[in-house]
Each structure stands twice: as structure tokens, then as C-alpha cells.
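Visitor: First the structure, then my questions, so here it is.
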Amino acid sequence: DAVELDNSKLGRVMAKHLLELGHRKVAYIAPPLTARQKQRSKRVEGFLKEYEKVGLRDQVIIKAAKEEIDLDVAHIDSDELTKELLKETTDVTAIVGLNDMIAFGIMDALHEAKIKVPTDVSVMGCDNTLFARMHNMNLTTIEHFVTFKGRDACDIIMKK
């Protein structure tokens, strides 16, 4: 028994939102996309599919941390990945973080580079963590109702 999240759908929803806002050249910052962490890859794949549908797959830059990070550390240095991205390109209009915590690192790096969010570059996360409403500004994020998933999991256990 399991209560699972459709990560591919989350990625598609994120991409659709950015496309509706007119974002054509975007970047996606992620932890290592390894076989061990399949859900991460599914979220990125869903995102890419939506851009592919409109012929803009080549306008998406995927910046993922190296796999070694996943072996020792529970987090990635998303501000460092964002700084690398900014050295490589300056024409992205939006940067997506695989989750809210990554998005905060993106926002910190943009702030340090004196790039205004959302005036110059939009930032989007996923998970709608409590911190998404406590940072310097509200973060555009996707709510996937973790509380309801927990309740559903408890219901499954109780029925067994």
C-alpha cells in the first residue's frame, strides 16, 4: 500500500504555469537526478514534456547537482548552481527549483547578483512549505496537500 505523488504531473503543472506567463527560456535547478531518486527525474521529465509540446524543449536548461552530493549530503547548494547558471547564460526569464528549499537558494543567488525577483527573473518552487510564505517575498509554488496524503496513509493503516 502506498500514497504516492504524481511527480510527472507536478512538473507539467509547473511548466504550464510558466508557459502561460510567457516564459520561453527557462532553467531548472535540481539535486542529482539519479536512479535512486526517481521521483526527482519524473518531475523534471514532466516539466520538459510541456516545453517539448510547444516546441521549446531546447529552451530549457537543466542544472542538476553532481551525483556524489547525493551520497554524502542531504541537500544541494542551489545558490552555487544558480551562480554557475548565471555565468553560462543571462537570458532566462524564469528559474525553477525542484522544491521550495532549492528555490530559496536560487533567490539568494539572484539577490546577490542584484537580479530582482520577479521583476528581472521569476522563481518557482514546489511543495508549498511554510517557509514559502516567510521568505522576503511570497514564492510561487505548487501545493500538493501533504496533510491529506498523511491522512490517507493513516486511513489505509487503520482499515488494515
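The values are calculated or read from the model by the stated rules, or taken from the named source; none is laboratory data. Bear in mind the structure is a predicted one, so any value in this text is a computation, not a measurement. We place every Cβ from the backbone using ideal geometry, glycine too, and count neighbours over all the protein chains shown. SASA here: full protein model, heavy atoms, side chains in, ligands and nucleic acids out. Shrake-Rupley method; radii C 1.70, N 1.55, O 1.52, S 1.80 Å.
Visitor: Is at least one residue of segment 91-107 aromatic (F, W, Y) and modelled with pLDDT of 85 or more?
Guide: Looking for residues that are aromatic (F, W, Y) and modelled with pLDDT of 85 or more, one finds at least one in segment 91-107, hence yes.
Visitor: In a helix (DSSP H, G or I), closer than 26 Å to E20 by Cα, within 16 Å of the chain's Cα centre (by Cα) and modelled with pLDDT of 95 or more - does that describe any residue in segment 58-80?
Guide: No: segment 58-80 contains no residue that is in a helix (DSSP H, G or I), closer than 26 Å to E20 by Cα, within 16 Å of the chain's Cα centre (by Cα) and modelled with pLDDT of 95 or more.
Visitor: Do you know which of the residues in segment 12-49 that are of a type in the set (G, A, S) and under 18 Å from D120 (Cβ atoms) is most open to solvent (accessible area, probe 1.4 Å)?
Guide: Residues of segment 12-49 of a type in the set (G, A, S): 15, 22, 27, 30, 35, 41, 46.
Restricting the remaining residues to those that are under 18 Å from D120 (Cβ atoms) gives 22, 27.
Working: G22: 42, A27: 0 Å².
Looking at residues that are of a type in the set (G, A, S) and under 18 Å from D120 (Cβ atoms), I get G22.
Visitor: State all residues of segment 9-26 that are over 14 Å from G46 (Cα atoms) and either touching a Leu at 6+ places or on another chain (Cβ under 8 Å) or not in a helix (DSSP H, G or I) (or both); if no residue qualifies, say none.
Guide: L21, G22, H23, R24, K25, V26, listed by residue number.
Visitor: Confirm whether R24 is modelled with pLDDT of 95 or more and in contact with a helix residue (DSSP H, G or I) (Cβ under 6 Å, 6 or more places away or on another chain).
Guide: Criteria met by R24.
Visitor: Can you name the number of the only condition in (1) over 15 Å from the mean Cα position of the chain (by Cα); (2) modelled with pLDDT under 80 that D120 fails?
Guide: The single condition D120 does not satisfy is (2).
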